[in-house]
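Some notes on the structure that comes next.
The values are calculated or read from the model by the stated rules, or taken from the named source; none is laboratory data. The structure displayed is predicted, hence computed values, not measured ones. Cβ placement follows ideal geometry from the backbone for every residue including glycine, while neighbour counts extend to all protein chains displayed.
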Ligand SMILES: *Cc1c(COP(=O)(O)O)cnc(C)c1O
């Protein structure tokens, strides 16, 4: 079935016989047993709830996985996944990483005995492998620099060495990119972003390709207890129904905006993976079916960056991305504030860099907003 249809219908399983078109919110913490030693398939909502199950089946189908788990945030999903590892294990991650993921690795996982190396190329990752390495964690395209890495090339290397390959697919979503099909073992999502799509719910997902790994993660999810609530599961199910049209539209506007930004003297660099001059363009064309709606760009100086942020009206200055409302962030002082300054600046996350999540307002209005904001 085409992914657009999966977005709308989700999984086929019916949970009641009323004919309800929308999946009901099963607001029940617990479920009665039909007899001793019997179960309806649902016992207690921390372990599983019908609304959450429907959502999980939908996300698994979208990612082409055997299973998926829904969590109360993207970070809760990442934290649960880190329970796969033990003290002494080493993980290699892409250099440019969502700030919260970096904060988790650096402050919590490290305290728990894991160690990390960072690299930004396939060769760099390979060179960082040690006998203790257990996994490779990729974000592609990265947040906020929009660096692209070849998932299949890393998957081949990881497979040869029996390393787990984890891909954060938040930016492109399964609508444009399906890492499990390219050889990844686990796909991670902040469902808060494009999957939910309305800036109204915080959620996270893990999707997996292998039954055994799925069982291990489900055990961790049930035991650590950060499963997504039935109410929030309902909102994400509703969001996913329009994922395809939202991604297409955000991409169309992002193309136009990236092009417009590139023509302005006040803007020195535009990072959009859909531009042929972007270093990741060729790999993106190979591994994804679209370029998404995320752009980052460097203003000519800090003053201009601050002016843009303070003047935008249709676009709002706020953290997060992937929703119907366009949002702009200042990574250096928001999402990446916890990263040491030298590291941040070395990666280009300086006081001139802004990140724009293109929403579903008219592209003309968004460009007009940027025009009035950027002009002196
Ligand atoms: C937002 C985000 C996360 C974290 O997800 P939350 O839902 O905020 O916990 C992880 N990775 C990326 C790429 C993100 O943008």
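Miscellaneous remarks
- Selection status of residue 239, under 16 Å from the mean Cα position of the chain (by Cα), on the phi > 0 side of the Ramachandran plot, touching a residue at least 12 places away in the same chain (Cβ under 8 Å) and buried (at least 16 other Cβ atoms within 10 Å of the Cβ): no
- Checked against (1) modelled with pLDDT of 95 or more; (2) more than 23 Å from residue 194 (Cα to Cα), residue 375 passes all but condition (1).
- Filtered residues of region 177-191 (kept if within 16 Å of the ligand (Cβ to nearest atom), part of a loop (DSSP other than H, G, I, E, B) and more than 16 Å from residue 244 (Cα to Cα)): 184
- Checked against (1) free of Cβ contacts under 8 Å to residues at least 60 places away in the same chain; (2) closer than 30 Å to residue 302 by Cα, residue 254 passes all but condition (1).
- A count restricted to region 247-261 and to residues that are over 23 Å from the mean Cα position of the chain (by Cα) and within 21 Å of residue 96 (Cβ to Cβ) stands at 1.
- If the condition is being closer than 17 Å to residue 137 by Cβ and out of contact with any helix residue (DSSP H, G or I) (no Cβ under 7 Å at 6 or more places or on another chain), then region 37-80 contributes 74, 76, 77.
- Close contacts from region 96-120, counting a first residue that is over 16 Å from residue 138 (Cα atoms) and a second that is within 16 Å of the ligand (Cβ to nearest atom), with Cβ to Cβ under 6 Å and a gap of 6+ residues or different chains, come to 109/82.
- In region 107-140, residue farthest from the ligand (Cβ to nearest atom) [restricted to those that are part of a loop (DSSP other than H, G, I, E, B) and more than 19 Å from residue 155 (Cα to Cα)]: 113
- Close pairs (7 angstrom Cβ cut-off, 6 or more residues apart or separate chains): farther than 13 Å from residue 210 by Cβ in region 155-178, at pLDDT below 95 anywhere: 168/98; 171/143
- Extreme residue, surrounded by the most Cβ atoms within 10 Å (Cβ to Cβ), among residues of region 150-167 that are more than 13 Å from residue 91 (Cβ to Cβ) and within 16 Å of the ligand (Cβ to nearest atom): 167
- Among (1) within 16 Å of the ligand (Cβ to nearest atom); (2) touching a residue at least 40 places away in the same chain (Cβ under 8 Å), the one test that residue 201 misses: (2)
- Where helices (runs of 4 or more DSSP H) fall wholly inside region 50-106, the ranges with 2 or more residues that are near the ligand (Cβ under 9 Å from one of its atoms) and surrounded by 19 or more Cβ atoms within 10 Å (Cβ to Cβ) are 74-82, 99-103.
- Residue ranges of helices (runs of 4 or more DSSP H) in region 260-376 with at least 2 members within 16 Å of the ligand (Cβ to nearest atom) and surrounded by 15 or more Cβ atoms within 10 Å (Cβ to Cβ): none
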